[in-house]
1. I'd like the residue in region 201-213 that is at pLDDT 95 or above and in contact with a Ser or Thr (Cβ under 8 Å, 6 or more places away or on another chain) and, out of all such residues, is farthest from Ser154 (Cα to Cα).
2. Filter region 247-264 down to residues that are open to solvent by less than 70 Å² (accessible area, probe 1.4 Å), charged (D, E, K, R) and not in a loop (DSSP other than H, G, I, E, B), then give me how many there are.
3. For Met80, only one of the following conditions fails: (1) open to solvent by 10 Å² or more (accessible area, probe 1.4 Å); (2) under 18 Å from the mean Cα position of the chain (by Cα). What is its number?
4. In region 49-77, which residue that is among the aliphatic types (A, V, I, L, M) and open to solvent by less than 60 Å² (accessible area, probe 1.4 Å) is nearest to Ala232 (Cα to Cα)?
5. What about Gly216, is it at negative phi, modelled with pLDDT of 95 or more and open to solvent by less than 10 Å² (accessible area, probe 1.4 Å)?
6. Out of Glu302, Glu282, Glu275, I need the residue that is in a loop (DSSP other than H, G, I, E, B), at negative phi and either at pLDDT 95 or above or open to solvent by 90 Å² or more (accessible area, probe 1.4 Å) (or both). Which one?
7. When Ile97 is evaluated against the numbered criteria (1) assigned to a loop (DSSP other than H, G, I, E, B); (2) closer than 30 Å to Val240 by Cβ; (3) open to solvent by 50 Å² or more (accessible area, probe 1.4 Å), which criterion, by number, is the only one it fails?
8. Of the conditions (1) of a type in the set (S, T, N, Q); (2) modelled with pLDDT of 95 or more; (3) surrounded by fewer than 17 Cβ atoms within 10 Å (Cβ to Cβ), Asn174 clears all except one; give me its number.
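The values are calculated or read from the model by the stated rules, or taken from the named source; none is laboratory data. Computed from a predicted model, the values in this text were never measured in an experiment. FYI the Cβ positions are ideal-geometry reconstructions off the backbone, even for glycines, and counts take in every protein chain you see. Just so you know, the surface numbers come from the protein's heavy atoms only, side chains and all, with ligands and any DNA or RNA stripped out. Shrake-Rupley method; radii C 1.70, N 1.55, O 1.52, S 1.80 Å.
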Amino acid sequence: MKILHLADLHLGKNVVGLSMIDNQRYVLNQAIDLCKKENIKHIIISGDVYDRSIPPEEAVSLLNNFLSNAILDEKIKVYMISGNHDSKERLACFNGILEKQGLFIDSGIDKNLKMSKHVINENNLIINIYALPYIYPGEVRVLSQDETIKDFESSVDKILHSNELNEDEINILNAHYFVSGNESPIRSDSEMRTSVGTIEQISYKIFDKFDYVALGHLHCPQHIGREEIRYAGSPLRYSVDEIKQNKVFTIINVEGKGHIKIEKRDIVPLFEFVELEGSVDELTKNSEEKDYRIVFFKLSDERHVLNAAARLKIKYPHYVGLTYINIKEDVDEDETDLEKEKGFQELSMDEQFDQFFHFINNKDLDEIQNNAVKEVMKSLMKDGE
């Protein structure tokens, strides 16, 4: 039996002002096509379905269309939990009503710390899917009246010990947390890093009784500790540091107790997210030929280019940002106090600027730059008179 594991859809997300909704629609259609091609009748979605607690209308419409297509048209059952980006109440507003159609949405636990359990009984296999959405330690501390619970690991451990598993059956946990292993997990800038220290981290070892742990929260597809504890990752690249990540569809192939294989299928986005390097002049050649990839630029120009972003957007409509790789942008505080340099205050204004420019860029002004600075200085002096 095959189960598709998805997570961190972040529907409605904007990357530096660029809407990802068309890319998200394209990928979700691709997921449906994969299910049809490989006869997958179950989908797990491990939280962060929306990008924010109050999603835009187009994101709600996209999720509705995806679920309708999967459940009503393709007879696929969907098991979905809330993540830290989701509003529990909004995501689960129809929980229970739609279960007969095959949609199971879980956004919490009961007062006895019991997790929802959904049973699949097909092909001589019994698979239990336990739902563990993103829950803050304070909530578990109040429900359990256990004042020793101070962090996420102790709260999750408390929940797990409050639920008995039939270890003769196949048990899958659908969870949205920051799980760490022997090595540090790969993280991304697009994840909201609001934790302090290690309070958010949970050791993979507390999930030993589960045959597979379907994780959401971290955007890079990866396993933690063992192959069967796995982040599906986000289906799209949502930040510059995700550009080199290979986004995949994760398929859980359950053959029996103790026999689970992980299969991966590459995701092909509508618009690739790439990083391009070169000068503005080089990158904007043949601007009439549009490049619709999502692009972050590493500019090799040795000085700031006037209207660089505007020029780049003409050829690259999906421009999301730039940096100059040959200009020193960030300087240590101890290095910037030029006024402490001997004789700096006695220099003329243009001499001070010459020294500042050399310090920042490790080279002198060229003739064109020098003349431009002098013109600006003259103008400033005139305005001040």
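1. Tyr204
2. Qualifying residue count, region 247-264: 1.
3. Of the numbered conditions (1) open to solvent by 10 Å² or more (accessible area, probe 1.4 Å); (2) under 18 Å from the mean Cα position of the chain (by Cα), the odd one out for Met80 is (1).
4. Applying the filter and picking the extreme gives Val49.
5. When the stated conditions are applied, Gly216 passes them.
6. Glu302
7. Condition not satisfied by Ile97: (2).
8. All conditions are met except number (3).
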